[in-house]
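Chemist: Structure provided below as structure tokens; questions to follow.
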Amino acid sequence: MSTQPAPIETSDATPATAVPGDETIGEYARRWWAGLRAGELGSLPIVVGLVIIAIVFQSQNNQFLTAGNFVNLIVQMAAITTIAMGIVFILLLGEIDLSVGYVSGVAGVIAALLLIPDGNQVPTLVGIGAALVAGAAIGVLHGLIITKVGVPSFVVTLAGLLGWNGVVLLLIGNRGTVIIQNNTVIGFANDFLSPATAWIMLAAALALYAGVLLLARRARAKAGLPAQPDLLLALRVVGLGVVGAIVVYVANQDRGIPYVFLVLMGAYIVWTYVLNRTRFGRHVYAVGGNAEAARRAGISVDQVRIACFAICSFMAALGGIILASRLRSVDTNAGGGSILLYSIAAAVIGGTSLFGGRGHIKSAVLGALVIASIDNGLGLLGLSSGTKFVVTGLVLLAAVTIDSLSRRRQERAGRA
Amino acid sequence: MNDSPILELRGVSKAFGAVQALYEVDFHVAAGEVMALVGDNGAGKSTLIKCIAGIYSSDSGEILYNGEPVSIHGPKDAAKLGIEVVYQDLALADNLDVVQNMFLGREETTSLRRLDEVDMERRAKETLQTLSVTTIRSVRQTVAGLSGGQRQSVAVAKAVMWNSKVVILDEPTAALGVAQTRQVLDLVRRLGEQGLAVVLVSHNLHDVFEVSDSVTVLRLGQNVAEFKTKETNQTEVVEAITAGKLSKIPGQPAAEVVV
Ligand SMILES: Nc1ncnc2c1ncn2[C@@H]1O[C@H](COP(=O)(O)OP(=O)(O)OP(=O)(O)O)[C@@H](O)[C@H]1O
Ligand SMILES: [Mg+2]
């Protein structure tokens with residue numbers, strides 16, 4: 001294909017059907033650069049932000065970039081990441097869920113209570129399953145009230161924030177604190193893959209990724225559609241390989257990859273697939289972008305909404321179990337504190353729009369990484385929660401500012 | 001042109017609270033016919049279309065498709081009959097790309113409930129090509145970045161790619177410039193030539209006279225006149241729009257009714 005300018009102008013008379021052959025890597029890079037200048041920043045600001053965070057904290061305290069702290073960071077960010085993935089579904093709809101903190105608390109407490117080894121305990125999987133099902137059921141309840149009764153999600157989940165906090169207190173009763181003695185549950189956040197297993201899983205993941213990319217490429221070529229250059233596919237696989245190898249290598253210097261990392265990877269893959277590759281995911285974006293258009297296209301908007309609230313509360317429940325595992329106990333404060341705000345902030349810092357229709361599961365992971373790094377770094381410096389909240393608040397503000405500035409730029413370039 | 005109507009409405013009424021948006025409207029369109037639907041603002045054109053599309057359910061009256069009474073309870077029912085609507089506000093999702101919009105609600109899937117992006121992209125391109133839509137550079141750009149005419153083309157292409165028999169366009173040229181209006185009108189005419197029944201809602205009588213075969217005039221929710229385009233002129237149609245004879249004085253303040 002001849003060198004074509006970046007497609008910023010849409011008024012040009014090149015037919016949609018006349019894009020022959022494949023792009024070269026140079027053309028791809030030029031298109032990316034043009035998009036960047038037009039305000040399509042993607043994950044770039046957040047990656048730059050993470051590098052800055054790492055440099056600043058490392059220069060203040062040389063404990064920050066150590067293998068031990070790296071493993072701590074994975075464990076610390078796990079619960080927020082999980083809950084933030086659920087929040088992404090809600091923000092994509094243009095809704096909000098303020099109840100995720102205490103819903104995670106309810107799930108953590110249910111699992112802990114069912115698994116107390118007092119002779120009446122249930123099998124481990126049943127205990128965990130019950131907590132997750134309870135989470136999903138809570139989400140369905142929220143969704144039904146929001147769609148069928150028509151109460152705004154802000155109000156319903158604000159009531160949930162209070163109500164589920166109350167349920168946590170009622171369930172704990174006068175026990176005060178429930179120590180978790182179930183080894184499986186504790187193992188999530190406190191046991192580690194053997195170094196060899198970690199490497200094998202990385203290799204498997206890379207093979208899977210390369211296979212998926214190649215199959216997609218072949219299908220496009222077969223249908224005569226332009227496909228991405230081979231070199232770019234290779235770069236993608238190598239890039240993931242390098243990042244993955246660094247993660248595994250560094251973690252193996254210390255205790256290794258925690259099991260909870262596998263839970264995060266699994267959730268990431270499943271929900272990314274659901275959002276990007278399934279009809280349901282497409283409908284989530286459509287409802288968030290233009291609910292009336294979705295309705296006229298015959299999409300059952302209510303069902304999509306209810307499903308998203310169910311997914312969100314389910315992920316909150318999973319996050320609650322992870323948190324309980326990390327703390328090895330639940331108490332009357334389960335699901336409280338900064339969990340709710342950190343989870344929503346993570347999704348937003350990662351680039352998910354509060355106005356619906358824009359965002360990815362990736363946002364939850366990147367945003368949670370930023371928040372957990374700041375929390376962790378300031379903790380190493382011995383600074384108080386007060387400082388942590390102020391700094392995290394400023395980062396949130398910066399992220400949203402960058403987003404709206406780039407959006408304005410995209411509008412001017414006709415790309416929004 | 002086949003004279004027996006493929007779609008026919010008999011005595012359709014629809015009220016929104018105290019507002020009688022439609023009163024006993026008769027309407028029909030045949031295969032290969034371009035039927036213009038005209039009337040002043042608030043005459044009930046969009047409401048009539050939404051009743052056909054199943055967005056609103058009519059209070060009384062019946063809809064016949066190929067002579068058979070049908071009940072249309074939602075967009076899916078209409079689509080199943082082969083009735084597609086391009087709405088005045090287009091109803092495109094700005095955050096989705098051209099292909100995603102064209103297949104919205106009817107996505108193709110392969111195994112594992114996986115979206116068949118490749119096939120959808122191919123079919124979208126084909127459809128745009130058969131409609132001679134040549135100005136859209138990439139079918140993978142979001143529709144937010146498209147011009148008014150391009151958005152209109154996408155909305156029309158979305159409507160005709162389903163083997164549709166009846167295509168209804170609500171003011172497709174309202175927001176367009178000269179050249180883009182031209183494109184859309186050509187598109188409308190081509191649809192009629194391809195044997196589809198086309199309903200064209202428009203305020204622009206010049207456009208109406210250029211592409212339509214017949215004209216139905218709505219006034220205050222009532223069908224006040226029907227013409228063969230060849231046998232009438234703009235003056236006659238304007239008169240019907242502004243002062244056509246009403247069969248019933250609507251239950252509105254008398255001042256609003258000009259008889
Ligand atoms: N959803 C609704 N709720 C209440 N009243 C409505 C609704 N939709 C339409 N109406 C009323 O019904 C009447 C007909 O409206 P409609 O939109 O069908 O007019 P129209 O002929 O399409 O006008 P225009 O040329 O401005 O598009 C108007 O009086 C309008 O106010
Ligand atoms: Mg209208």
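Chemist: Around B:ASP89, what is the net charge, scoring Lys/Arg as +1 and Asp/Glu as -1 over all other residues with Cβ under 9 Å from its Cβ? Working shown, then result.
Modeler: Working: positive: none; negative: A:GLU292, B:ASP170.
Local net charge: -2.
Chemist: Over the Cα atoms, compute the radius of gyration (one decimal) and Dmax (the largest Cα-Cα distance, rounded to a whole number) for region B:1-79, in Å.
Modeler: 12.5, 40
Chemist: What is the dipole size for the protein assembly as shown, taken about its Cα centre, with +1 at each Lys and Arg Cβ and -1 at each Asp and Glu Cβ, in debye to the nearest 20?
Modeler: Values: 52 positive and 51 negative charges, 340 e Å.
Dipole magnitude for the protein assembly as shown comes out near 1640 debye.
Chemist: Nearest 5 is fine: what % of DSSP beta bridges in the protein assembly as shown come out antiparallel, could you say? Each step should come with its number before you reach the end.
Modeler: On the way: 28 of 45 bridges.
Antiparallel bridges: around 60 percent, rounded to the nearest 5.
Chemist: Out of residues 5 or more away from B:THR109 or on other chains, whose amide H comes under 5 Å of its own, with H placed 1.01 Å from N in the peptide plane?
Modeler: B:ASP116
Chemist: Taking the Cα centre of region A:192-257 as the origin, how large is its charge dipole in debye, to the nearest 20, when only Lys and Arg (+1) and Asp and Glu (-1) carry charge on their Cβ atoms? Let's see the in-between values first.
Modeler: Working: 6 positive and 2 negative charges, 68 e Å.
Taking the Cα centre of region A:192-257 as origin, the dipole is about 320 debye.
Chemist: Measure out, as a whole number of angstrom, how far apart the alpha-carbon centroids of region A:91-149 and region A:340-388 sit.
Modeler: 23
Chemist: For chain B, what is the mean residue ellipticity at 222 nm derived from helices alone (per DSSP H run of n ≥ 4: -39500 (n - 2.57); sum divided by total residues; nearest 500 deg cm²/dmol)?
Modeler: -9000 deg cm²/dmol
Chemist: Pairs of Cα atoms under 8 Å, at least six residues apart: use those to get the relative contact order of region A:192-257, whole percent.
Modeler: On the way: 35 pairs, mean separation 38.0, N = 66.
Relative contact order comes out at 58 percent.
Chemist: Counting only helical runs of four or more DSSP H residues, what would the 222 nm mean residue ellipticity of chain A come to if each run contributes -39,500 (n - 2.57) and the total is spread over all its residues? Numbers along the way, then the final one.
Modeler: Details: 16 runs with 295 residues, N = 416.
The helix contribution divided over chain A gives -24000 deg cm²/dmol.
Chemist: Can you work out ³J(HN,Hα) from phi for every residue in region A:147-158, in order, using Karplus 6.51 cos²θ - 1.76 cosθ + 1.60 and θ = phi - 60°, giving whole Hz and x for Gly and Pro?
Modeler: Residue by residue, region A:147-158 yields 7, 7, 8, x, 7, x, 4, 4, 6, 4, 7, 5 Hz.
Chemist: For B:LYS14, go through the aspartates and glutamates and keep the ones whose alpha-carbon is under 13 Å away, minus same-chain ones fewer than eight residues off.
Modeler: B:GLU24, B:ASP26, B:ASP59, B:GLU62
Chemist: On a 0 to 90 degree scale, rounded to 10, what angle separates helix B:178-193 from the longest Cα axis of chain B?
Modeler: Between the helix axis and the principal axis of chain B, the angle is about 90 degrees.
Chemist: Next question. How large is ³J(HN,Hα), in whole Hz, for each residue of region A:273-284 in order, when computed from phi with the Karplus curve 6.51 cos²θ - 1.76 cosθ + 1.60 and θ = phi - 60°, using x for Gly and Pro?
Modeler: Along region A:273-284, the couplings run 4, 4, 6, 9, 10, 10, 4, 4, x, 4, 5, 4 Hz.
Chemist: Related question: With a 10 Å radius around each residue's Cβ, average the other Cβ atoms per peptide and rank A:142-148, A:124-130, highest first.
Modeler: Details: A:142-148: 19.9, A:124-130: 16.3.
Sorting A:142-148, A:124-130 by mean packing, highest first, produces A:142-148, A:124-130.
Chemist: Tell me whether region A:305-390 comes out rounded, prolate or oblate; compute the Cα gyration tensor, take square roots of the eigenvalues as a ≥ b ≥ c, and use a/c under 1.5 as the rounded threshold. Working shown, then result.
Modeler: Details: a/c = 2.26, a/b = 1.24, b/c = 1.83.
Oblate shape, in that a/c is at least 1.5 and b/c is the bigger or equal ratio.
Chemist: Step through the residues of region A:85-92 one at a time and calculate ³J(HN,Hα) from phi using the Karplus curve (6.51 cos²θ - 1.76 cosθ + 1.60, θ = phi - 60°), rounding each to whole Hz and writing x for Gly and Pro.
Modeler: Taking θ as phi minus 60°, the curve returns 4, x, 4, 4, 4, 6, 5, 4 Hz for region A:85-92.
Chemist: Something else: From the square roots a ≥ b ≥ c of the eigenvalues of the alpha-carbon gyration tensor of region A:132-227, which class results: rounded (a/c under 1.5), prolate (a/b over b/c), or oblate? Don't skip to the end; give the middle numbers.
Modeler: Numbers: a/c = 5.21, a/b = 1.43, b/c = 3.65.
Since a/c reaches 1.5 but b/c is at least a/b, the shape of region A:132-227 is classed as oblate.
Chemist: Of A:LEU341, A:GLY68, A:GLY224, which is farthest on the positive side of the dipole of chain A, counting Cα position, with +1 on Lys and Arg Cβ, -1 on Asp and Glu Cβ, and the Cα centre as origin?
Modeler: Going by the charge dipole, the pick is A:GLY224.
Chemist: Other chains' Cβ within 10 Å of A:220-229 residues: what's the mean? Each step should come with its number before you reach the end.
Modeler: Values: counts 4, 1, 1, 8, 3, 8, 3, 1, 0, 0.
So the per-residue partner count for this stretch is 3.
Chemist: For a test of the definition: using alpha carbon positions, the gyration tensor, and the 1.5 limit on a/c, classify region A:212-363 as rounded, prolate or oblate. Please list the in-between numbers first.
Modeler: Numbers: a/c = 2.49, a/b = 1.11, b/c = 2.24.
Because a/c hits 1.5 or more and a/b fails to exceed b/c, region A:212-363 counts as oblate.
Chemist: For the pair A:ALA205 and A:GLN60, how long in nm is the line joining their label points, each one 7 Å along Cα→Cβ?
Modeler: It is 2.9 nm.
Chemist: Then there is this: What lysines does A:LYS388 reach when the alpha-carbon gap must be under 25 Å and sequence neighbours fewer than 8 apart in one chain are set aside?
Modeler: Cross-link targets: A:LYS362.
Chemist: Just to be sure I understand: with springs between alpha-carbon atoms less than 10 Å apart, which residue in A:ASP191, A:ASP97, A:ASP230 has the highest mean-square fluctuation in the Gaussian network model of chain A?
Modeler: It is A:ASP230.
Chemist: Shielding by partners for A:297-306, please: the mean number of other protein chain Cβ atoms within 10 Å of each residue's Cβ. Before the final figure, lay out the partial values.
Modeler: On the way: counts 13, 11, 5, 3, 0, 0, 0, 0, 0, 0.
That works out to 3 on average.
Computed from the coordinates by the stated procedures, all read-outs in this text should not be read as laboratory data. In this text the structure is predicted, and so the values were computed from the model without any measurement. Every residue, glycine among them, receives a Cβ derived from its backbone with ideal geometry; neighbour counts consider all protein chains shown.
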